[in-house]
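Report on the following structure.
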């Protein structure tokens with residue numbers, strides 16, 4: 001469970017509700033037609049913009065925002081270094097004895113193909129194709145949420161315009177103008193809240209998840225290449241950790257920080 005996402009949603013909804021309840025009743029902000037315009041209009045526009053099979057995946061993507069796969073990138077490097085040690089001592093076929101201990105499915109798949117005797121070009125091509133497929137799937141996901149974040153406020157404005165037209169069509173009762181104006185603005189409120197508390201934050205979260213998984217896959221691709229070439233495991237570890245540090249914007253790990261992370265990986 002991604003605690004940050006859960007806390008963010010609960011805190012956001014809670015603060016909005018608290019602000020409403022401090023100044024008025026909740027019933028003032030409940031309007032079924034407004035919700036129908038915002039949610040129904042957003043869904044309809046999304047179906048027009050994207051193939052239905054991609055839109056059907058939205059629920060899975062929604063759940064993915066709140067579920068996080070635990071992964072230690074430095075531990076992943078340690079695992080590949082251990083495999084490299086085995087390969088240098090017993091040959092590539094000796095890797096087979098370590099496959100059951102590997103949790104990363106992408107790494108395991110690459111090592112299995114290596115043990116099966118597939119050449120490096122074939123292994124790289126197959127793994128890179130899987131990376132590309134994953135990136136495309138992630139892109140489809142966050143693009144849908146990003147567009148829904150744009151559609152929701154637009155339909156909120158549409159609902160407000162509908163309310164204003166209905167209000168202005170009958171101004172015989174001046175006392176009803178205020179309440180009708182309030183109802184008209186509720187639709188804009190719904191669109192703004194749904195877009196900025198749900199769809200846009202989910203877009204950002206999915207982009208970051210995609211970047212993290214792509215980074216791990218890139219580490220695996222580099223690691224398998226080094227394992228096949230039989231390079232020195234320590235050299236392999238330094239190169240991959242420096243690559244990881246550069247990605248995260250950290251300083252060169254020649255000092256205590258490197259020692260701490262290496263010790264963490266060995267535990």
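Could you state the angle between the C-alpha long axis of helix 105-115 and the longest principal axis of the C-alpha atoms of the chain, as a value from 0 to 90 degrees rounded to the nearest 10?
That works out to roughly 30 degrees.
Here are labelled values, [x] 1.17; [y] 0.98; [z] 0.94, and one is the computed Rg/Rh (Cα atoms, Kirkwood Rh) for what I pasted. Which one?
From the options [x] 1.17; [y] 0.98; [z] 0.94, the structure gives [x].
Divide by every residue of the chain the summed helix terms, -39500 (n - 2.57) for each DSSP H run of at least 4, and state the resulting mean residue ellipticity at 222 nm, rounded to the nearest 500 deg cm²/dmol.
Value at 222 nm, helices only, nearest 500: -25000 deg cm²/dmol.
Helix 120-168 against the longest principal axis of the chain: what's the angle in degrees, Cα atoms only, rounded to the nearest 10?
10
Quote the relative contact order of the chain in percent (integer), defining contacts as alpha-carbon pairs under 8 Å separated by 6+ residues. The partial results should precede the final answer.
On the way: 225 pairs, mean separation 77.3, N = 267.
Normalised by residue count, the contact order of the chain is 29 percent.
Could you rank the peptides 229-241, 120-132 by their average count of other C-beta atoms within 10 Å per residue, with the highest value first?
Numbers: 229-241: 16.5, 120-132: 13.8.
In decreasing order of mean packing, 229-241, 120-132 become 229-241, 120-132.
Using alpha-carbon pairs under 8 Å, 6+ residues apart, how would you state the relative contact order of the stretch 78-212 in percent?
Computed over the stretch 78-212, the figure is 24 percent.
Quick one: helix 256-266 against the long Cα principal axis of the chain, what's the angle to the nearest 10°, folded into 0 to 90?
Roughly 80 degrees, rounded to the nearest 10.
Kindly list the residues of the stretch 119-138 that lie in the label zone of residue 57, defined by a backbone N under 16 Å from the point 7 Å along the Cα-to-C-beta vector.
129-138
So, in Å, what gap is there between the alpha-carbon centers of the stretch 82-161 and the stretch 175-238?
So the separation of the two Cα centres works out to 16 Å.
Ranked highest first by average number of other Cβ atoms within 10 Å, how do 209-219, 143-153 line up?
143-153, 209-219
Using 0.36 nm per residue of separation minus the Cα-Cα distance, give me the extension gain between residue 134 and residue 196 in nm, one decimal.
So the extension gain works out to 19.7 nm.
Can you tell me which of 14-23, 35-44, 57-66 comes out highest on packing, and rank the rest after it, using the mean Cβ neighbours within 10 Å?
Details: 14-23: 10.5, 35-44: 17.6, 57-66: 14.9.
Averaged packing, sorted descending, gives the order 35-44, 57-66, 14-23.
Please list, by residue number, everything in the stretch 208-250 whose backbone N is under 11 Å from a paramagnetic label point 7 Å out along Cα→Cβ of residue 119.
none
Suppose R0 equals 35 Å. What FRET efficiency, 1/(1 + (r/R0)^6) with r the Cβ-Cβ distance, do residue 235 and residue 7 give to the nearest 0.05?
Numbers: r = 42 Å, r/R0 = 1.20.
So, using R0 = 35 Å, E works out to roughly 0.25.
With each pseudo-label sitting 7 Å past Cα toward Cβ, what's the residue 246-residue 214 distance in nm, one decimal?
So the two model labels end up 1.7 nm from each other.
Measure off 7 Å from each Cα along the Cα-to-Cβ vector at residue 88 and residue 100, then give the distance between these two points in nanometres to one decimal.
2.6
We did not get these values from a lab; they are worked out from the coordinates using the rules stated. For clarity, every value in this text was computed on a predicted model and none was experimentally measured. Cβ: placed from backbone, ideal geometry, glycine included. Neighbour counts: every protein chain shown.
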